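In what follows, a single structure is set out as structure tokens and then discussed.
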Amino acid sequence: MTRRRFSRSVPRWLRPQPDSPVARLIGEGKSPWSDAVHVLWSAWVFLTPVFSPHGYDARWWTLTLVSYPLFLLLYALTLLASPRRAPVYALGMAALCLATLPWYPAGMSYFVFGCVMLSARGARPFLRLLAELGALNAVFVGWGLWLGYPWQAVVWMPLVTLIVGAVVHVDCLNKARDAALRLSQEEVRRLAALAERERIGRDLHDLLGHTLSLVALKAELARRLVERDPAGARRELDDVVRVAREALTQVRSAVTGIRAAGLAAELASARLLLEADQVQFRYALAPVTLPPELESALALTVREAVTNIQRHARAGHVDIVLDASRHDVVLTVSDDGRGGAIVPGNGLCGMRERIEALGGRLRIDSERGRGTRVEARLPLPAPARATAEPAAA
């Protein structure tokens, strides 16, 4: 569902703000209701009477019918509102608990949701958040004890809300950091690809301009010599053929750079990602004609390997080497991180599947304390053409 279709299907006051969590989910192509799954924790509202001597009496049913729809509305608004406005609705859930607490113990769940959503949606410093949660819990505990609730029923609330709130807040900060990092990586890839296309365009312009001028000059000379000096004309035509073949070889070499633009963009993105974490990055690539499907598989291997290094390896140095022979091409990504047992995940499995689908082989060596080495070997459909020495960076 696109953002426009979603917006048309709900009232104006329930439409997501551009910087809201729901708008972000829609922009990523996900369901706008993904975060609504957490509302299942409100099942405690319906389980609390089981532990109460009053059970499911008329007062519980009345207060539930009045308060629970209001809670759902406030929860939805925290997801639809901007980060600046969302804390208001989170505090509304906490206030709903305090207002119903004299008659409705089940409303304690509203207070937990209010504290958690305050942690998740407020773009505030961590210490300020802890102070706000502490103040809310002080009010809750004081109000509950004054109402005559057993101390065992209220003193656990500060511990739960502070721990859960802190965990949720840190998780949201990490998600925001990852989102910003993904945006910067995409921008680096785009700029790297654009720079590569411009370089290739300049090279082709210089190459073909010089070559075509030489071909035109020699063809004109051969035309003038064809009647009075056939041998000389033949020599000039031989030169035209030679120059044309050399130009064709050089053009093919330049086009190889276009096909490798994806790999170049991934290397540029890897440099940005790793050096932002103070990790030294080096690479050496053998110039080789790579079919698009092989180049794409190797580029995605670089992306996944570097992402894993940045998240888990705690490395100080990373090296990427691309070697080629007449029969295969080998990409090696190695680091000096902590190493250890590798737990297969979606990224690693996807990397292996892409390599094996092309008839290749993926090997991962990781020894604790000695880093990790990822080797992707792919067969070449034709002999590799190395036109220059590997370029190191």
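The values are calculated or read from the model by the stated rules, or taken from the named source; none is laboratory data. Please read these numbers as outputs of a predicted model, since none were measured by experiment. Backbone-built Cβ (ideal geometry, glycine too); neighbour counts: all protein chains shown.
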Can Ser82 be described as part of a loop (DSSP other than H, G, I, E, B), modelled with pLDDT under 75 and within 31 Å of the chain's Cα centre (by Cα)?
no
Of all residues in the range 297-334, which are among the small types (Gly, Ala, Ser), surrounded by 19 or more Cβ atoms within 10 Å (Cβ to Cβ) and not in a helix (DSSP H, G or I)?
Ala315, Ala324, Ser334
Filtering helices (runs of 4 or more DSSP H) wholly in the range 1-75 for at least 1 residues that are surrounded by 11 or more Cβ atoms within 10 Å (Cβ to Cβ) and at pLDDT 70 or above gives 21-27, 44-47
Can you tell me which residue in the range 280-296 is surrounded by the fewest Cβ atoms within 10 Å (Cβ to Cβ), limited to those that are modelled with pLDDT under 85 and not in a helix (DSSP H, G or I)?
Pro291
